[in-house]
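First comes the structure, then the notes that go with it.
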Amino acid sequence: MAAFDTVIRHGTIATASETYNADIGIRNGRIVSIGESLTDADEVVDVAGMLVLPGGIDSHVHISQPSGPGIVMADDFASATRAAAFGGNTFVMPYCLQAKGQPLREALKDYHTLADQNCHIDHSFHLIIADPTESVLGQELPALVADGYTSLKIFMTYADLALSDFQILEVLAFARESGALVQIHAENYDAIRFLADRLERAGNTGPYFHGKSRPIIVEREATSRAISLAELIDVPIVIVHVSNREAMDEIRRARMRGLKIHGETCPQYLVLTEDDLKDLGMEGAKYVCSPPPRDKASQQACWEGLQQGIFSLFSSDHCPFRYNDEAGKLTPNARTSFRWIPNGIPGIETRLPILFSEGVSKGRISLNQFVGLTATNHAKTYGLARKGSIAVGYDADIAIWDPKRTATLSQKDLHHGADYTPYEGLEITGWPIATMLRGRFVVREGKLVGDKSYGRYLSRGKPFKPSAP
């Protein structure tokens, strides 16, 4: 009997802290040995000249999420996790949305049904809290956190999702008591409504004006307010999809005061700008997301945030809709005003190649920073045991990268359910050529070889212990 099921030989291994050459021995889905000249295996895979990295963890994705009457997301779990695997990912964390008045257990049961036996890679769920009633906070959530649903998301914008400051404080107080971690979408809803109304009255209704209705100040103000509310309760939070320097500086100042504020940014804020929507008519709907892409100065600020550790998480905020579809970006109402355009863009497959190419290949960040931003920090932040690194005892979740391979991003080569990519034509250097989940190849030599029933749901470990009051 061979010592290993699989050995990966002659690769350059990178973690968040070190880079070295070694072989990896895998048995029963786990990494059991890292050393030299490992050969006693059922299969030996020679990856000389390649990088061997932890599989990516995308902790901010939207899959099969209700999006409004007549609107349908472009990805189900099978297509989204397939695309994620082709992009070098082995774990995703989508959102289970609680409709107002709906028991959380019921929402989770429905969401698990959609995911069960339909995932090519492993996954776990965040809970969106849209209706923080006394029974939700006092009865339902405590049991769910104990069951491993240890991260919540709340919104400061969107009809039917935006919480008042009082409600936010109630959720944060629950998080402190239970140890759950709260993500916050920070944009000022009333300010956005005020600006949108004025733009519409002036006849400025095209997709380009989506960004004008959500200027930097509404994100900066909400970020500052979210941090202040978290400081009042003394609880960590994650500010998601930060798009600009002003909001980033709020996080920086909070961290300098010793507050536990995690920051996240996304590919759209590194390579897209508001000008991508300009003079495109309805084609601009392809780029509509919130917060919107900003300007070149904001791009530079987001790079600085990644370089300096203000952002510890780099996620896709994958939220796909089809463009040529009335159930997607071209819903009839969307033609009347930007405020009705389904909000979000696809990016689950392109997240890692974009950051590798624009970051590592161009010398903006190190390879070790790349691993931390795309895998290790996600596992640490959200309590994913045995995920996010290459070490003995960890799951053999591995992405093999060709750092010199070049490609041009194009919809025809991607595997998501959307019918376009906002990154069409972007030149890439560095590409994941194989993805392995718990010791099995999911993608190999450009082909899907893993079954959609292999991905598992992971219940996360014990939540953090809050500090003494």
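Summing Lys and Arg as +1 and Asp and Glu as -1 over all other residues whose Cβ lies under 12 Å from the Cβ of Y423 gives a net charge of -4. One way to sum up the overall shape of region 107-214 is the equivalent ellipsoid from its Cα gyration tensor, whose semi-axes run 32, 20, 11 Å, largest first. Accessible surface for the chain, divided over its residues, is 39 Å² per residue with a 1.4 Å probe.
For the pair A99 and R257, a Förster radius of 25 Å applied to the C-beta separation gives a FRET efficiency near 0.10, rounded to the nearest 0.05.
Averaging sequence separations of C-alpha pairs under 8 Å and six or more residues apart, then dividing by the length of region 86-216, give the relative contact order as a whole percent.
Working: 151 pairs, mean separation 26.0, N = 131.
Relative CO of region 86-216 lands at 20 percent.
Under the criterion of Cα pairs below 8 Å and six or more residues apart, the relative contact order for the chain equals 23 percent. Counted residue by residue at 0.36 nm each, then reduced by the alpha carbon distance between them, the extension gain from Y454 to R193 reaches 89.5 nm.
When you count, for each residue, the other Cβ atoms within 10 Å and take the mean per peptide, how do 58-70, 97-109 rank with the highest first?
The packing order, highest mean first, is 58-70, 97-109.
When each of the peptides 366-374, 143-151 is scored by how many other beta carbons lie within 10 Å of its residues on average, the order from highest to lowest is 366-374, 143-151.
Take the Kirkwood radius over Cα pairs of region 363-433, plug it into Stokes-Einstein at 20 °C and 1.002 mPa s, and you get 148 µm²/s for translational diffusion. Each part reduced to its alpha carbon centroid, region 360-417 and region 137-154 end up 29 Å apart.
Given 37 °C and 0.692 mPa s, how large is the Stokes-Einstein diffusion coefficient of region 1-122 in µm²/s, with Rh as the Kirkwood radius over Cα pairs? Could you put the intermediate results ahead of the total?
Numbers: Rh = 17.1 Å.
In µm²/s, the coefficient rounds to 192.
Of the solvent-accessible surface of region 235-357, computed with a 1.4 Å probe and all protein chains present, 45% belongs to carbon and sulfur.
Just from its helices, what would the mean residue ellipticity at 222 nm be for the chain, if runs of 4 or more DSSP H residues each count -39500 (n - 2.57) and the sum is divided by every residue, rounded to the nearest 500 deg cm²/dmol? Before the final figure, lay out each step's value.
Details: 13 runs with 123 residues, N = 469.
About -7500 deg cm²/dmol.
Put a dot 7 Å past the Cα of M1, heading toward its Cβ, do the same for N21, and the two dots end up 3.4 nm apart. Contact order for region 142-271, expressed relative to its length and based on alpha carbon pairs under 8 Å spaced 6+ residues apart, stands at 23 percent.
Scattering from region 260-344 was approximated by placing one identical point on each alpha carbon and applying the Debye formula without solvent; log10 I(q)/I(0) at 0.10, 0.14, 0.16, 0.20 1/Å stands at -0.30, -0.54, -0.67, -0.91.
Only helices at least 24 Å long along their own axis, judged from Cα atoms, and with Kyte-Doolittle mean hydropathy of -0.5 or greater: name those in the chain from DSSP H.
Both cut-offs are met by 216-233.
The Kirkwood radius of region 203-327, taken over pairs of alpha-carbon atoms, gives through the Stokes-Einstein law at 37 °C and 0.692 mPa s a diffusion coefficient of 215 µm² s⁻¹.
Convex hull volume of the Cα atoms in the chain, per residue, in Å³? If you can, show how the numbers build up before the last one.
Numbers: hull volume 63.2 nm³, N = 469.
Residue-normalised Cα hull volume stands at 135 Å³.
Once region 313-453 is represented by equal point scatterers at the alpha-carbon sites, with solvent omitted, what log10 I(q)/I(0) does the Debye formula produce at q = 0.12, 0.20 Å⁻¹? Summing over Cα pairs of region 313-453 leads to -0.60, -1.31. Looking at region 398-463, the GluC sites (Glu not before Pro) that sit in a DSSP loop and have at most 13 other Cβ atoms within 10 Å of their own Cβ are E424, E445.
A simple packing score, the average count of other Cβ atoms within 10 Å per residue, orders the peptides 253-266, 9-22 as 253-266, 9-22, with the highest score first.
The values are calculated or read from the model by the stated rules, or taken from the named source; none is laboratory data. Please read these numbers as outputs of a predicted model, since none were measured by experiment. Cβ coordinates were reconstructed from backbone atoms using ideal geometry, including for glycine residues, and neighbour counts include every protein chain displayed. What goes into the accessible areas is simple: the full protein's heavy atoms, side chains included, and nothing from ligands, DNA or RNA. Shrake-Rupley method; radii C 1.70, N 1.55, O 1.52, S 1.80 Å.
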